[in-house]
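As structure tokens, the structure follows; a few thoughts come after it.
A short reminder: the numbers here are calculations on the coordinates, not readings from a lab. A quick note: this is a predicted structure, and the numbers were derived from the prediction, not measured. Virtual Cβ from ideal backbone geometry, glycine too; neighbours counted across all protein chains shown.
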Amino acid sequence: MKKILTYGTFDLLHCGHINLLKRARELGDHLTVGLSTDNFDMLKNKKSYHNYEHRKMILEAIRFVDKVIPEHTWEQKVHDVLQNDIDIFVMGDDWKGHFDFLQEYCQVIYFPRTVGVSTTKIKKDFSSALNV
Ligand code: C2G
């Protein structure tokens, strides 16, 4: 069984997230997603609209996602790769190069980001539409 791993916040889920999850899952037989906890989001200077439990529920409903684990720290990736017997680590290419150190443990693939959509843009578009 070829096992895939990726990480993210996945707030206000959109087609960019789905494209990433779909392509990741299509590389193998099982996709684990390391979902950023609310505390880790703060370390990433992010404030999610949906809390961790709701973002987890939403991800677990996606047919491309087989398992969701919490992402608490930047340092847990090697442990997660080894503990989950991961073959391929995947991220969008806005992270290109950041996780090459994992090549010692698994294949590392960066997929092109989906252009024109982001959680930040969704929030901005809503706030301007509501003139807030
Ligand atoms: N993504 C994408 N296209 C977009 C938006 C996002 O391919 N238009 C990808 C990102 O590159 C990432 C994944 O979707 O691989 C999740 O995006 P975020 O929730 O923004 O994740 P991020 O905050 O980048 O967290 O340790 C890694 C971090 O937790 C990554």
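Could you identify which residue out of ARG25, ARG55, ARG63 has the top mean-square fluctuation in a GNM of the chain using Cα springs shorter than 10 Å?
ARG63
With a ≥ b ≥ c taken as the square roots of the eigenvalues of the C-alpha gyration tensor of the stretch 39-88, please select rounded if a/c is under 1.5 and otherwise prolate if a/b is larger than b/c or oblate if it is not? Write down the numbers at each step before the final one.
Numbers: a/c = 2.89, a/b = 1.17, b/c = 2.47.
Oblate.
If the cut-off is a Cα-Cα distance under 15 Å, which aspartates and glutamates reach LYS77, setting aside same-chain residues fewer than 8 apart in sequence?
ASP85, ASP87, ASP100, GLU104
When the helix-only estimate is applied to the chain (DSSP H runs of n ≥ 4, each -39,500 (n - 2.57), divided by the residue count), what is the mean residue ellipticity at 222 nm, nearest 500 deg cm²/dmol? Display every interim value, and only then the final one.
Working: 5 runs with 44 residues, N = 132.
About -9500 deg cm²/dmol.
Have a look at LEU20, GLY97, LEU35 and report the one farthest towards the positive end of the charge dipole of the chain, computed about the Cα centre with Cβ charges (Lys/Arg +1, Asp/Glu -1).
Of the listed residues, the answer is LEU20.
Can you divide the C-alpha Rg of the stretch 1-113 by 2.2 N^0.38 Å and report the result to two decimal places?
Numbers: Rg = 12.9 Å, N = 113, 2.2 N^0.38 = 13.3 Å.
Expressed relative to 2.2 N^0.38 Å, the Cα Rg reads 0.97.
Can you give the FRET efficiency for PHE99 and SER128, using 1/(1 + (r/R0)^6), R0 = 30 Å, r = Cβ-Cβ distance, to the nearest 0.05?
On the way: r = 34 Å, r/R0 = 1.13.
Once rounded, the FRET efficiency stands at 0.30.
What is the set of long-range amide H partners of SER36 at a cut-off below 5 Å, with H atoms built 1.01 Å from backbone N?
Amide H neighbours of SER36, under 5 Å, 5+ apart: GLY8, THR9, GLU71.
Would you order LEU27, LEU43, LEU59 from fewest to most other beta-carbon atoms within 10 Å of each residue's own beta-carbon?
Numbers: LEU27 16, LEU43 12, LEU59 19.
With the sparsest Cβ surroundings first, the list reads LEU43, LEU27, LEU59.
For the chain, give the magnitude of the charge dipole about the Cα centre (Cβ charges: +1 Lys/Arg, -1 Asp/Glu; no others), in debye to the nearest 20. Display every interim value, and only then the final one.
Details: 18 positive and 18 negative charges, 104 e Å.
Approximately 500 debye in magnitude.
Just want the ordering: THR6, THR114, THR120, from fewest to most Cβ atoms lying within 10 Å of their own Cβ.
Listing THR6, THR114, THR120 from fewest to most nearby Cβ atoms yields THR120, THR114, THR6.
If packing is taken as the average count of other Cβ atoms within 10 Å, what order do 75-88, 93-106 fall into, highest mean first? Provide the component values of the computation, followed by the final result.
Numbers: 75-88: 15.4, 93-106: 13.1.
Descending packing order for the listed peptides: 75-88, 93-106.
Given the C-alpha centroids of the stretch 59-132 and the stretch 7-47, what is the distance between them in whole angstrom?
Comparing the Cα centres of the stretch 59-132 and the stretch 7-47, I get a distance of 4 Å.
Taking Cα pairs under 8 Å and at least six residues apart, what relative contact order does the chain come out at, in percent? Write out the running numbers ahead of the final one.
Details: 195 pairs, mean separation 38.9, N = 132.
Relative contact order, the chain: 30 percent.
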